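Remarks on the structure that follows.
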């Protein structure tokens, strides 16, 4: 961290003179590639609302961990979200229901269970506001270290499974005919989303997490001519919106997460307007 602080001090930016902004920028540099990479597969696999459902399951896990007296309820959320993803994958692979229908079922169940647990015994819902709104400006060095490990794990996962996941999302029957286990690939991907969503929830919050998981890939899809551009533009858009949103939040005093989400929406609108030039 001392090296990062020294590099920030060399930049002629007032906001990087503060340690909390240095931490926030480093956290966003780690989170943006995560969202960018996963966003392409979420959009391609038509699972845009699954990240939202996972966010609700993570909130349920946090509430359970807090009630059980855990000092770090985030780990309870990780465990609950992974179980949620595994159960969803199991039902999805053995049901003839459409994916969006199953996502709706699981999402509504997770919301109801989370609220039930959080308010059990007359408990107050307000103490969980930090997980609904999120505050990347309060991220700690320990959380940054965890994000770095997650980024490394996702990058390795991507190098091994990127082609399989893409083929599985686009044409499951063709993937199966080539010996690819469609169910296993989908399960691994849902677990990866679960871990990223859970570990990012306290930084970006539930309310704007879904846009961060969907809009980079959706924007990139508007102007990409091949798979390499698709992934590259998605990561680039996530970085632009992430760092730009932090800058806007510092100078305007607004929510960093909301600023990031709005910038992503603007990028989607711009790429949508320019899509014919890239076709």
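Where a number appears in this text, it was derived from the coordinates with a stated rule and is not lab data. Just so it is clear, the model here is predicted, and its values are computed rather than measured. Note: ideal-geometry Cβ built from the backbone for every residue, glycine included; neighbour counts use all protein chains shown.
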Give me the distance in nm between label points sitting 7 Å out from Cα along the Cα-to-Cβ direction at residue 140 and residue 97, one decimal. 3.9 nm
Treat the count of other C-beta atoms within 10 Å as a stand-in for reagent exposure and order 146, 274, 31 from fewest to most. 274, 146, 31
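Does the range 230-277 classify as rounded, prolate or oblate by the C-alpha gyration tensor (a ≥ b ≥ c root eigenvalues; a/c under 1.5 gives rounded; else a/b over b/c gives prolate, otherwise oblate)?
On the way: a/c = 3.34, a/b = 1.94, b/c = 1.72.
Since a/c reaches 1.5 and a/b is larger than b/c, the shape of the range 230-277 is classed as prolate.
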With each pseudo-label sitting 7 Å past Cα toward Cβ, what's the residue 254-residue 108 distance in nm, one decimal? 3.4 nm
Can you give the calculated 222 nm mean residue ellipticity of the chain, where each DSSP H run of n ≥ 4 adds -39,500 (n - 2.57) and the sum is split over every residue, rounded to the nearest 500 deg cm²/dmol? -27000 deg cm²/dmol
For 231, 171, which order do you get if you count the other beta carbons within 10 Å of each Cβ and list the fewest first? 171, 231
May I ask for the equivalent-ellipsoid semi-axes of the range 45-96, computed as the square root of five times each C-alpha gyration tensor eigenvalue and listed largest first in whole Å? 25, 11, 7
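Tell me, what is the FRET efficiency for residue 116 and residue 226 to the nearest 0.05, using R0 = 45 angstrom and their Cβ-Cβ distance as r?
Working: r = 47 Å, r/R0 = 1.04.
It comes out at approximately 0.45.
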At 7 Å along Cα-to-Cβ for each site, give me the label-to-label distance between residue 159 and residue 13 in nm. 2.8 nm
Where only C-alpha atoms are counted, convex hull volume of the chain per residue in Å³: 139 Å³
Using a/c under 1.5 as the rounded threshold, could you call the range 134-279 rounded, prolate or oblate? The axes a ≥ b ≥ c are square roots of the C-alpha gyration tensor eigenvalues, and prolate needs a/b larger than b/c, oblate otherwise. oblate
